[in-house]
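Here's the structure we're looking at; comments come further down.
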Amino acid sequence: MVIDVHAASLNFPDLLVLAGMYQVRPPLPLTSGMEAAGVVVAAGPESRFAAGDRVITNGISGAFAERMAAPDARVFRIPEEMTDAHAAALTVVHQTGYFALVHRAALQPGETLLVHGGAGGVGTAAVQLGKALGARVIATAGSPAKLDICRQCGADEVIDYKQEDFVARVKELTDGRGADVIYDPVGGDVFDRSTRCIAFAGRLLVIGFASGRIPTVECNRVLLKNFSVIGLHWGNYFQYQPELIHQCHDALCELYTNGAIRPVIWKQLPLAELPAAMAALESRDSYGTVVVTP
């Protein structure tokens, strides 16, 4: 179908696609941008949508444009009360968080969830979803301003990883037990150290490698503490279990309608300022999600 783009969001994988470092490498040249919200202009005869429908779409590329084409399977309806900016920032980070916490880690009410990079796009979504699922949430971030964002998203405890040893602080906050579930989009040293503050029979979620280093696992720690290392490449569900993605979208829309989740928008910029928006994302100056509008 063809969609008039009203808003598109930036995600960290957009940087990886442009650098040729993402898991999926689309052929060049390309129009970047994974996620957009807008209005259907035209749809095929067997489509679930019609011209005039408000929709969200997600893919590897194409969103940073005034108009884009999208396959029907990757298009979702927008609730009436959801803004274009919120819709554009909903799918990638919140579906990632939902699949990680619900389908992969089976987070339970009352468990302790540690979210690394809690002020980023996937981080703010994970904090909000963790609270919605009834967990006690500890979030790490690298500045007082970003710690405030974590608190606003519902984090019960926050840790400035530049000023404190998060391993010692997590153990202190959990009376030595550690976190039941750790949500790690950072990788590198953060992953390595997370194995030292995970609870017995805990679950360590591998979400990404924003640090630039893919870590390895010291299996003696896995054995001694009986914890699980669980990977999530959310996009693969489109290929293997697409019905779960549509079920997840319905669940997220219900959480949004009930006020349990709200995409965190750092700035909403004109599409012409996309290079500056990309630079802010790459330098970690932004928090939450950056949205651009044609």
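The values are calculated or read from the model by the stated rules, or taken from the named source; none is laboratory data. Only a predicted model underlies this, so the values are computations on that prediction, with no experimental measurement involved. Note: ideal-geometry Cβ built from the backbone for every residue, glycine included; neighbour counts use all protein chains shown.
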### Task
Could you please give the count of residues in the range 109-130 that are free of Cβ contacts under 8 Å to residues at least 60 places away in the same chain and out of contact with any strand residue (DSSP E or B) (no Cβ under 8 Å at 6 or more places or on another chain)?
1
### Query
Here is a list of conditions, (1) surrounded by fewer than 17 Cβ atoms within 10 Å (Cβ to Cβ); (2) part of a loop (DSSP other than H, G, I, E, B), and residue 168 meets all of them except one; can you say which number that is?
(2)
### Task
Determine which single condition residue 233 fails, assuming it passes every other condition in (1) exposed (fewer than 15 other Cβ atoms within 10 Å of the Cβ); (2) closer than 19 Å to residue 62 by Cα; (3) under 16 Å from the mean Cα position of the chain (by Cα).
(2)
### Query
Quick one: would you say residue 206 is β-branched (Val, Ile, Thr) and within 19 Å of residue 121 (Cα to Cα)?
yes
### Task
Scan the range 218-258 for residues that are small (Gly, Ala, Ser) and in a strand (DSSP E or B) and jot them down.
228, 231
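A quick yes/no check of all residues on (1) surrounded by fewer than 19 Cβ atoms within 10 Å (Cβ to Cβ); (2) in contact (Cβ under 8 Å) with a residue 60 or more places away in the chain; (3) in the same structural domain as residue 227 (by TED's automatic domain parsing); (4) within 19 Å of residue 287 (Cα to Cα):
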residue	(1), (2), (3), (4)
7	no, yes, no, yes
20	yes, no, no, no
31	yes, no, no, no
40	no, no, no, no
64	no, yes, no, no
### Task
Search the range 138-153 for residues being assigned to a helix (DSSP H, G or I) and under 18 Å from the mean Cα position of the chain (by Cα), and hand back the single one that is surrounded by the fewest Cβ atoms within 10 Å (Cβ to Cβ).
152
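The rows are residues; the columns are (1) over 22 Å from residue 22 (Cα atoms); (2) within 17 Å of the chain's Cα centre (by Cα).
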| residue | (1), (2) |
| --- | --- |
| 49 | yes, no |
| 54 | yes, no |
| 65 | no, no |
| 68 | no, no |
| 80 | yes, no |
| 92 | no, yes |
| 101 | yes, yes |
| 109 | yes, no |
